[in-house]
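Let me begin by presenting the structure, written as C-alpha cells, before commenting on it.
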Amino acid sequence: MKCICGKSAIHYRDWEKKFYCGPCLSRHVERTFKHTIRKSELIKNSKKIAVAVSGGKDSNTLLYLMSKIKAVELIAISIDEGIAGYRKQTLQSAKKLCNRLNIEHNIISFKKEFGFSMDSIDKNYCSYCGVLRRHLLNKTAHKFGADKIAVGHNMDDEAQSILLNFIRGDMNRFQRLGVSPHVISNKKFVPRIKPLRNIREKEIVLYAMLNRIPFAHASCPYSAHNQRRSIMNFIDKIESEYPDAVIQIVRFYDNLRPMLNKSASKVKINFCQCGEPCSGKKCMACRMIEDIRNER
Ligand SMILES: [Zn+2]
Ligand SMILES: [Zn+2]
C-alpha cells in the first residue's frame, strides 16, 4: 500500500481510511504536537517546564519533542515508586534519553520522600500510586521553579480517563481533564499540560521507533487488574466496530469543555498546605501518606 506521497506505507489510519509512510507520519505527529501547544497556549509565558519522564514510549517521546522547542528551559523528573522488576528498567531508558538530549534528570523516590516504597505497602496499589506520584511531581516541579509540568498522556489515555470518571461519577475529576486542566491558580500548585493528548498511542509508538527514541517496554506489574485496564479492553472492543470511537470520545469532551468551565468556576476549590487543590482541608495525597504512616 502507498502513502499519498507515493512512498510505501507503514501505517493505516483506519479512522480516516488513509495510508502513511514513515516521514509523513512523523511530520503529522510533530504538527499535531505543535498545533496543540499553540492552540491551547500551553507554554505561553512559561520559562521553565518540568517534563515528567517515566522512561516509557509516551513520556520519552514527549521529552524528545519538547527538546525541539528552544524558547523554554526543560528539566526532567522521574518518580521511583520502588516497584521491583519494572522501575529500574524504565529509569535507565529515561536517563539514556536525558543524557542524549543534555537535559538535567532528577529521580525522586517514594522511599526517600515518604519513607515507604509501593512494594512495601499493602494497599489498593494503583489508586494510591497515581495520587502519590502526582503529589511528588508537583512538589518537585515547584522546588525547581518550573511553571508547568508536561505529562505524556496520549489521546487513548484521555479517552480512558473520560470514560473512567464517567463510570465513577466523579464530576470533580471529570472537569479537570483536557489538554490544560482548568484549575484556579495557587502559588504552590504547578499546572499540568498534556501536549500529546491529541495523538493516538499507536502513532506515538511508531514515531518513537522511526526517530530512534529509546524507551522501555515494561509495564507496571500492578496494572493488570485495575479499572483502567477494563476500560481499555472495552474501548478496544468498541473500536473494532467503530474505528473513530476514541477520537469521538475526546472530541465530545472538548465540545463539552466551555460548559464545564462555566460550572467549574462556581465550585469553590480549597488548597491543601502542600499546594494541591482539594475539596476539604487536606488533599487526597496528604491523607494517604498519613494513613500509610499510621499503619506502619
Ligand atoms: Zn508519505
Ligand atoms: Zn496535600
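Points worth noting:
- Note on the range 1-105: with charges restricted to the Cβ of Lys and Arg (+1) and Asp and Glu (-1), its dipole about the Cα centre is near 480 debye.
- Furthest towards positive pole of dipole, Leu260, Phe144, Tyr242, structure part the range 23-295, Cβ charges: Phe144
- Computed about its Cα centre, the charge dipole of the range 228-296 is approximately 480 debye, with only Lys, Arg, Asp and Glu carrying charge at their Cβ.
- Working from Cα pairs under 8 Å separated by at least six residues, relative contact order for the range 23-295 is 23 percent.
- The chain, dipole about Cα centre (Lys/Arg Cβ +1, Asp/Glu Cβ -1), debye to the nearest 20: 920
- Its DSSP H runs of at least 4 residues, each contributing -39,500 (n - 2.57), put the calculated 222 nm mean residue ellipticity of the chain at -15500 deg cm²/dmol, to the nearest 500.
- Nonlocal amide H pairs with Lys18, under 5 Å, H built at 1.01 Å: Arg13
- In the chain, the longest principal axis of the Cα atoms and the axis of helix 57-66 are about 80 degrees apart.
- Relative to the dominant Cα principal axis of the chain, helix 284-295 is inclined by about 50°.
- Whole-Å distance, taken between Cα centres, linking the range 1-74 and the range 96-122: 26
- Principal-axis tilt of helix 125-143 within the chain, Cα atoms, nearest 10 degrees: 90
- Sites counted here are GluC sites (Glu not before Pro) in a DSSP loop (not H, G, I, E or B) having no more than 13 other Cβ atoms within 10 Å; the longest part of the chain that contains none of them is 105-296.
- Antiparallel content of DSSP bridges confined to the range 1-159, in %, to 5: 25
- Taking every DSSP beta bridge that has both ends in the chain, the antiparallel portion is near 30%.
- The range 140-196-the range 241-296 distance, computed between alpha-carbon centres (Å): 8
- Karplus (6.51, -1.76, 1.60) ³J(HN,Hα), θ = phi - 60°, over the range 201-215, in Hz, Gly and Pro reported as x: 4, 5, 6, 5, 4, 4, 4, 4, 5, 4, 9, 6, 7, x, 8
Bear in mind these aren't lab numbers, they're just calculated from the coordinates by the rules spelled out. Everything quoted here is computed from the prediction, not taken from an experiment. Note that each Cβ is placed from the backbone with ideal geometry, even for glycine, and that neighbours are counted across all protein chains shown.
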